[in-house]
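Below is one structure, written out as structure tokens, with a few remarks after it.
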Amino acid sequence: MRHDGRVPLDRELLACPPEVVAPLLVGRRLRSTTGPAVTVVLTEVEAYGGVGADEASHAHRGRTPRNTTMFDRPGLLYVYLSHGLHWCLNVVTGVEGEASAVLLRAGRVVDGVETARDRRAAARTDRDLARGPGRLGAALGVTGALDGADLLDPAGAVRLLPAEPGRPPPLLVGPRIGISKAVDRPWRWHWSGDPSVSRQRIVKVNEAI
DNA sequence: AGGACGATTAACT
DNA sequence: GTTAATCGTCCTC
């Protein structure tokens, strides 16, 4: 499956369900200016929540202090702490009041590599800088302080930007990673063959939308 | 008030 | 492939 990364990912499009928005996010750029600028091209995402029960979603039991941002406007940044260690980033999707989001699982650093290396001292190679959701958050210098930030605000510290010109990314889809419920739902999309993807092994290629 | 667990990572065998 | 690190969140009592 392919898409045209030049289609504007505006608030209206982000109001679509997470499984619609998720594949459109692969290939787009995310730029953080929480410190020295770092820009990644998103290579791996997962959809959560939306209409109907998704038991793997943080919001499946209703609103709590942590997941409140998931119920807010599309285009906001939902940040949560994983395993007491790792800040993970999501793009809020769907209409306000219906909790859904797309987890940003990996990216390829295309600008600010030196800054990303400083923040990710454990990374052996540049390919590891933002390979995995916790690593992505670290490379971008994002913490829970940015939960609720508007990714479409031109003056914001974290911004969602269009794809670089060129060929749209070839996408593969498969089951989500690291969850124990609703494990068979094919809601993980990634850039086929990109080295920054956290896991290339695809279990079910044929369930692509 | 207590405790199990997690949309993870890094180091180690 | 296995396991420790580490703590906020949320469910249960």
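The values are calculated or read from the model by the stated rules, or taken from the named source; none is laboratory data. Keep in mind it's a predicted model, so treat the numbers as computed, not measured. Ideal geometry is used to build each Cβ from the backbone, glycine not excepted, and the neighbour counts take in all protein chains shown.
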Taking the stretch A:147-178 and keeping only residues that are in contact with a strand residue (DSSP E or B) (Cβ under 8 Å, 6 or more places away or on another chain) and among the basic types (Lys, Arg), one is left with A:Arg159, A:Arg176
In the stretch A:132-150, residue farthest from the chain's Cα centre (by Cα) [restricted to those that are outside any loop (DSSP other than H, G, I, E, B) and within 15 Å of DNA strand C (Cβ to nearest atom)]:
A:Ala145
Checking A:Gly178 against (1) free of Cβ contacts under 8 Å to residues at least 12 places away in the same chain; (2) under 30 Å from A:Arg61 (Cβ atoms); (3) not in a loop (DSSP other than H, G, I, E, B), which single condition isn't satisfied?
(3)
Looking for whichever is closer than 28 Å to A:His60 by Cα, among the charged types (D, E, K, R) and buried (at least 22 other Cβ atoms within 10 Å of the Cβ) here; the options are A:Arg159, A:Arg188. Which one fits?
A:Arg188
Looking for something buried (at least 21 other Cβ atoms within 10 Å of the Cβ) and more than 10 Å from DNA strand B (Cβ to nearest atom) - is there at least one such residue anywhere in the stretch A:133-141?
yes
Hey, A:Ala123 crowded, with 16+ Cβ neighbours inside 10 Å and over 16 Å from the mean Cα position of the chain (by Cα) or not
yes
Any residue at all in the stretch A:49-69 that's away from DNA strand C (no atom under 14 Å from the Cβ), at negative phi, surrounded by 24 or more Cβ atoms within 10 Å (Cβ to Cβ) and in contact (Cβ under 8 Å) with a residue 40 or more places away in the chain?
no
Hits in the stretch A:186-209 - residues which are at pLDDT below 95 and of a type in the set (Lys, Arg):
A:Arg199, A:Arg201, A:Lys204
